Amino acid sequence: MSEVLPMSFSCPVCQTPVAGTTADTTGSPDTATSSTATPSSGCPDCNKLLDLIRAKFPHQHNLCLEEITFAASFTEDLGCDSLDTSELLMALEGELALTIFEEAPERLKTVADVVRLVRQTQEKAAA
């Protein structure tokens, strides 16, 4: 028999509190758990951007969508260079109708860095 337990955590990108649930089987510690949201998941806005990045990501790298996470390093985990990152930023600009100012794409080390930059750009545009 399983029990649904509430849990909360912060989005790993913007630190917004996120509530989730986890199905935890009482009894054996060897029993697997499943969850609808995990601490590696983001808030709805950051998750939406992650999905967009997955859709716009350069396909020449032959990656599974699950490999593109907030913590993924562009160079080490995804095999990208600064040109790939620049192309991704341009694709996001076109999709979101934003102008993203980033003079040094090589400073964007992880997917979370790009999501953070896009969120900041969106907030400035809305102000």
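Rule-based calculations on the coordinates, nothing more; no lab input. These numbers were taken from a predicted model, which means no experiment stands behind them. Neighbour counts are summed over all protein chains in view; Cβ atoms, including those assigned to glycine, are modelled from backbone coordinates with ideal geometry.
Summing charges over all other residues whose Cβ lies under 15 Å from the Cβ of Gln15, with Lys and Arg as +1 and Asp and Glu as -1, gives -1. Under 18 Å of direct C-alpha separation, and excluding same-chain neighbours fewer than eight residues apart, Lys109 reaches these lysines: Lys56.
Neighbours of Leu98 by Cβ distance under 12 Å: Lys/Arg scored +1, Asp/Glu scored -1, total -2. Around the amide H of Val18, modelled in the peptide plane, lie the amide H atoms of Phe9, Ser10, Cys11, all under 5 Å away and 5 or more residues distant in sequence or on another chain. Spatially, region 87-121 and region 44-79 are offset by 13 Å when compared through their Cα centroids.
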